[in-house]
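Data first, discussion second: the structure below is written as structure tokens.
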Amino acid sequence: MDYKTLQVDIRNGDLKPVYLLYGEERYLVTHYADALGADSDRETFDGNVPPQQIKLAADALPFLAEKRVVYVRDSKLFVNGRKNDAETLADYIPHIPPETILIFIETEADKRLKLYKAVAKEGRAIECTPLPPPELNRWVVKKFTDRGKTITPNAAEALMRTTAYSMTALANEIDKLAAYAGKRPGITIEDVDALCTATTQTKVFDMLAAMGRGDTARALQLYANMLYMKESPHGILSMVTRQFRIILLCKEAQNKKMPKADMAKALGLHPFAVSEALAQAGRYSTHKLLAAMVDCADTDVRMKSGRMDAELGVELLIVKYSVK
């Protein structure tokens, strides 16, 4: 089940008796949960709540509203461990009163479980995964449009990269940029550079990209900037090692003709991270990537044992693995 089906339900006011919202993109989980419960009598349960309590709340009549919405958050009912409670609720799902909407908000869900199947049959089970970059770009543009602002394409791309494509971080930065612009209608890349601070992960992506292009000077500049901002060389090395590993895994998956979406799911990565890794994978041979991972591990040992200065160790790796 995808977002469009859920959007149609909300737009038409044709809401189902039960919804399950789960997945990695928590911004979407929260957004749709709030949209489904708009203008209704609400009650919320958190954690290991007994099924009987959920049923009692769902059976109660709404108070001064057309609908009653019962939220059940982080119950762990959709993973192994609460089988009896989950099956009790699965049997109840077909009997939810017409005035009630039951909304489960979870981190993960096992599609094989009886409760999941009951929700999917009687309502909607929606996995909220990160939006692919083109769709996320459209979302960013719309958020600015809703605030009476426009944003240039290169500024939108810079903003998404700065926040590592996190919708929660993007929403916060969009609010800041709109306020910063004041009466000025357009958001530029200069605004993004002036106001938004890139995550360390994004800085490491950019540093690896510069290394892949053979732009050693730019890579060293980015590294120096991170050190100036008090980032730990050990932490930077850890992220560099992880990124080389991701590039290698994506390169191998690409050689096996695996689609990008499947790579992202298999590796537990955001689609943008896969796109970044694939862009770099073409610049490195498999042999070079394996050698880089060995060198990263060796450098880590030498840094931690005091046999090599930490800042120098990472700098030498940057120089060595900048593609010629």
Q: Tell me, please, whether a residue that is under 22 Å from the mean Cα position of the chain (by Cα), open to solvent by less than 20 Å² (accessible area, probe 1.4 Å) and polar (S, T, N, Q) can be found in the range 181-200.
A: no
(Q) Condition (residue is in a helix (DSSP H, G or I), in contact with a Lys or Arg (Cβ under 9 Å, 6 or more places away or on another chain) and open to solvent by less than 20 Å² (accessible area, probe 1.4 Å)) applied to the range 148-167: is it met by at least one residue? (A) yes
Q: From the list 283, 307, pick out the single residue that is of a type in the set (D, E, K, R), assigned to a loop (DSSP other than H, G, I, E, B) and surrounded by 15 or more Cβ atoms within 10 Å (Cβ to Cβ).
A: 283
Q) Within the set of pairs 6 or more residues apart or between chains, which connect a residue that is more than 24 Å from residue 90 (Cα to Cα) inside the range 12-34 to a residue that is part of a helix (DSSP H, G or I) and open to solvent by less than 40 Å² (accessible area, probe 1.4 Å) with Cβ atoms less than 7 Å apart? A) 25/167; 27/167; 27/171; 28/167
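Here is a yes/no grid of residues against (1) at pLDDT 95 or above; (2) more than 16 Å from residue 109 (Cα to Cα); (3) assigned to a strand (DSSP E or B):
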| position | (1), (2), (3) |
| --- | --- |
| 34 | no, yes, no |
| 45 | yes, yes, yes |
| 52 | yes, yes, no |
| 66 | no, yes, no |
| 80 | no, no, no |
Q.
Need the failing condition index for residue 98 against (1) under 30 Å from residue 175 (Cα atoms); (2) touching a residue at least 40 places away in the same chain (Cβ under 8 Å); (3) open to solvent by 60 Å² or more (accessible area, probe 1.4 Å); (4) more than 20 Å from the chain's Cα centre (by Cα), just the number.
A. (1)
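Suppose we keep only residues that are of a type in the set (A, V, I, L, M) and assigned to a helix (DSSP H, G or I) within the range 54-64. Which one would you say is surrounded by the fewest Cβ atoms within 10 Å (Cβ to Cβ)?
56
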Q. Just wondering, is there one or more residues in the range 233-241 that are of a type in the set (Ser, Thr, Tyr), within 30 Å of residue 266 (Cβ to Cβ) and not in a helix (DSSP H, G or I)?
A. no
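Results for (1) more than 30 Å from residue 165 (Cα to Cα); (2) among the small types (Gly, Ala, Ser); (3) part of a loop (DSSP other than H, G, I, E, B), shown as yes or no for each residue.
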position: 21; (1), (2), (3): no, no, no
position: 31; (1), (2), (3): no, no, no
position: 75; (1), (2), (3): no, yes, yes
position: 90; (1), (2), (3): yes, yes, no
**Q.** Residue among 79, 70 that alone is open to solvent by less than 20 Å² (accessible area, probe 1.4 Å) and aliphatic (A, V, I, L, M)
**A.** 70
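The values are calculated or read from the model by the stated rules, or taken from the named source; none is laboratory data. Quick caveat: nothing in here was measured; it's all calculated off a predicted structure. Every residue, glycine among them, receives a Cβ derived from its backbone with ideal geometry; neighbour counts consider all protein chains shown. SASA here: full protein model, heavy atoms, side chains in, ligands and nucleic acids out. Shrake-Rupley method; radii C 1.70, N 1.55, O 1.52, S 1.80 Å.
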